[in-house]
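Undergrad: Before I ask anything, here is the structure I am working with.
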Amino acid sequence: MSEADLKNVYGMFTDCWRLFKKFNNIQLTDEYLEAVTSDGGQLARRYGNGRFIRDLTLAVIMELERRGKEAKYNEAI
């Protein structure tokens with residue numbers, strides 16, 4: 001892998017971390033989920049919609065959703 005490719009992968013991880021951080025105040029509302037999905041889509045397009053960036057972005061979105069559902073469940077107990 002070239003140095004340029006490594007920098008690109010580093011950028012993907014960094015941007016996915018920023019996506020996670022931006023939406024860390026989890027709210028399971030339609031508006032919140034739409035914003036996460038929209039920002040995730042923009043991020044994927046920035047890197048050419050390759051499989052790796054789509055998988056990373058999806059992992060972030062799924063983790064936010066999981067944490068939100070878990071928090072909601074724990075509040076109900």
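Undergrad: Count, please, the residues in the range 1-11 that happen to be open to solvent by 60 Å² or more (accessible area, probe 1.4 Å) and small (Gly, Ala, Ser).
TA: Number satisfying all stated conditions: 1.
Undergrad: Could you list, in sequence order, the residues of the range 41-77 that are within 23 Å of Asn8 (Cα to Cα) and not in a helix (DSSP H, G or I)?
TA: Tyr47, Gly48, Asn49, Gly50
Undergrad: Also: Output the residue which, of all residues in the range 1-40 that are in a helix (DSSP H, G or I) and among the aliphatic types (A, V, I, L, M), is modelled with the lowest pLDDT.
TA: Leu33
Undergrad: Kindly provide the set of residues from the range 12-50 that are open to solvent by 90 Å² or more (accessible area, probe 1.4 Å) and either over 12 Å from Leu64 (Cβ atoms) or touching a residue at least 40 places away in the same chain (Cβ under 8 Å) (or both), ordered by number.
TA: Hits for the range 12-50 are Phe13, Trp17, Arg18, Asp30, Glu31, Glu34, Gln42, Arg45, Arg46.
Undergrad: Report, ordered by the first and then the second residue, all pairs with beta carbons closer than 6 Å, sequence separation of six or more or different chains, a first member in the range 63-77 that is under 22 Å from Cys16 (Cα atoms), and a second member that is not polar (S, T, N, Q).
TA: Leu64/Phe23; Leu64/Ile26; Arg67/Ile26; Gly68/Ile26; Gly68/Leu28
The values are calculated or read from the model by the stated rules, or taken from the named source; none is laboratory data. Just so you know, these numbers come straight off a predicted model, no measurement behind them. Virtual Cβ from ideal backbone geometry, glycine too; neighbours counted across all protein chains shown. Surface areas here come from the heavy atoms of the whole protein model, side chains and all, with no ligands, DNA or RNA. Shrake-Rupley method; radii C 1.70, N 1.55, O 1.52, S 1.80 Å.
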